[in-house]
Amino acid sequence: MIKSKHLLGIKELSPEEINLILDTASGFKDVLGRDIKKVPPLRGKTMVSLFFEPSTRTRTSFTLAAKRLSADVVNFSVPTSSVVKGETLKDTALTIQALGADYVVIRHSSAGVPHFLSSILNSSIINAGDGTNEHPTQALLDLFTMRAHKKNIKGLNVAIIGDIAHSRVAKSNIYALTKLGANVSVICPPTLEPVGIGKLGIKVFNSVEQGIKNADVVMTLRLQLERQNKGFLPSLEEYFKLYGLTTERLKMAKDDAIVMHPGPMNRGVEIESEVADGPRSVILEQVTNGLAVRMAVLYLLAGAKK
Ligand code: CP
């Protein structure tokens, strides 16, 4: 059983809870392969998605996940809401709760917003990405995808390349992978290396060639330009030259290494098209798995200890 009715971050989950979510997602993946994909456990429940930042994958898959579980779904549109008339986040959230939301799925540019909402609302709060802090369901679907290809997370060599300083995907993956016993290496320019990252029990490299040696999984990340001040990188062309995942660089990883990216991709910046669309890429599989994983999260939070 999951202890909390909220999913605020991977930091708050135990290894047993992470495994429970992944195992439950396997069951839902089977359901999604059937002709009739809808099941009844959340009939009568309502999920509201409240996204203050753009999203394609997370929002769409949470919407579909809730619908597959028979919940009612409202996608709150921030630009056409009373937020533009100056209504605060707190008043917006209380209004949504007053309308009967059982789940609030929140994405916001500020770290800690899901934690704040969990302190003022009775609804289950699910973090769909908070600033540079965490993106827990992305890490869960990434682990689900790794497990599907590599069986065990324990002992797996995972290399994460990119904007580690500003990436909530990197943080959630580091927390989840180290909790389950993987060996994690991060590779980034020195300017995008967060202070104290070495204390998380991972290796840090500034060279892709060195960092991906012997990797079972190579995950590359988008540069979070919307969160960066100027001056972190000389240019995007220079970044690709030094840190772009190319066919040539991928040869340094294991022969059967898989290539992952949380999306959205910037082709020619962090990844070459030949790699993104190549035989080792599981990028679209990650998207598909997000649906089963988000179904598992919604389902398990409904049964969490009160
Ligand atoms: N990976 C991810 O969070 O994608 P979206 O921004 O499209 O939701």
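Conditions (1) over 24 Å from the mean Cα position of the chain (by Cα); (2) more than 22 Å from Gly112 (Cα to Cα); (3) within 16 Å of the ligand (Cβ to nearest atom); (4) open to solvent by less than 70 Å² (accessible area, probe 1.4 Å), marked per residue:
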residue: Leu7; (1), (2), (3), (4): no, no, yes, yes
residue: Lys11; (1), (2), (3), (4): no, no, no, no
residue: Gly44; (1), (2), (3), (4): yes, yes, no, yes
residue: Val48; (1), (2), (3), (4): no, no, no, yes
residue: Glu53; (1), (2), (3), (4): no, no, yes, yes
residue: Arg59; (1), (2), (3), (4): no, no, yes, yes
residue: Ala66; (1), (2), (3), (4): no, yes, yes, yes
residue: Leu89; (1), (2), (3), (4): no, no, no, yes
residue: Leu94; (1), (2), (3), (4): yes, no, no, yes
Please specify each residue of the stretch 13-42 satisfying the condition of being open to solvent by 30 Å² or more (accessible area, probe 1.4 Å) and among the small types (Gly, Ala, Ser).
-> Ser26, Gly27, Gly33
Are any of the residues in the stretch 280-290 without any contact (Cβ under 8 Å) to a residue 12 or more places away in the chain and either in a helix (DSSP H, G or I) or crowded, with 16+ Cβ neighbours inside 10 Å (or both)?
-> yes
Filter the stretch 264-287 down to residues that are under 24 Å from Asp23 (Cα atoms) and within 13 Å of the ligand (Cβ to nearest atom), then give me how many there are.
-> 4
Report, by residue number, each residue of the stretch 68-87 that is within 16 Å of the ligand (Cβ to nearest atom), in a helix (DSSP H, G or I) and open to solvent by 40 Å² or more (accessible area, probe 1.4 Å).
-> none
Go through the stretch 145-160 and count every residue that is in contact (Cβ under 8 Å) with a residue 60 or more places away in the chain and more than 16 Å from the ligand (Cβ to nearest atom).
-> 8
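The values are calculated or read from the model by the stated rules, or taken from the named source; none is laboratory data. Owing to the predicted nature of the structure, the values given are computational and were not obtained by experimental measurement. Ideal geometry is used to build each Cβ from the backbone, glycine not excepted, and the neighbour counts take in all protein chains shown. SASA here: full protein model, heavy atoms, side chains in, ligands and nucleic acids out. Shrake-Rupley method; radii C 1.70, N 1.55, O 1.52, S 1.80 Å.
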